[in-house]
Amino acid sequence: MSSMSSIRQEQESTGMFEAPSSYPSSVADSAAMASTPTFEYYGFVVYLVSLASFIVYLLWAYLPDQALEALGITYYPDRYWAVALPAWWLMAVAFIFVFNIGMNMYNTPLLSSSDNITDPYSNLTDDIADARTFSYKKIGGIPPVCDIPISLVNECLYQ
């Protein structure tokens, strides 16, 4: 025990251990440190509501009609929907993935198209005429923000 107290005293003297004086001095400071953002509360409430609704769904799907009527629940959807709704959701998500991939493939230009090199939205500048002025215009400077022409890229890479 004495060795532990001597280690603690040594840590306090060297500044390795924070003394209680470093804690907040006022109630306002401690309240500011302990405040939790409201979106954390909202997230917790959404978690609880989704958990409760999933439990209700499972009870509705698996309990027999007599058990639900004994609980006082007399009006509920047909059990067909216990299987149909998850199947519809699964197919909707699969369709979204397939549709997204298809739209990306449809909107991508062919490999033989010149749109892969430049398009109407390209930001070409006349300031970059050749590779020598692009590379050595200002040493340590940043070149202008623009699309580099493919001829300049080929000149820099393959010369």
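Sorted largest first by accessible area at a 1.4 angstrom probe radius, with every protein chain in place, the residues CYS156, CYS146 fall in the order CYS156, CYS146. Stretched out straight at 0.36 nm per residue, the stretch from TYR158 to ASN123 would grow longer than its current Cα-Cα span by 10.3 nm.
The values are calculated or read from the model by the stated rules, or taken from the named source; none is laboratory data. Since we're looking at a predicted model, the values are computed, not measured. Surface accessibility is based on the protein's heavy atoms, side chains included, excluding ligands, DNA and RNA. Shrake-Rupley method; radii C 1.70, N 1.55, O 1.52, S 1.80 Å.
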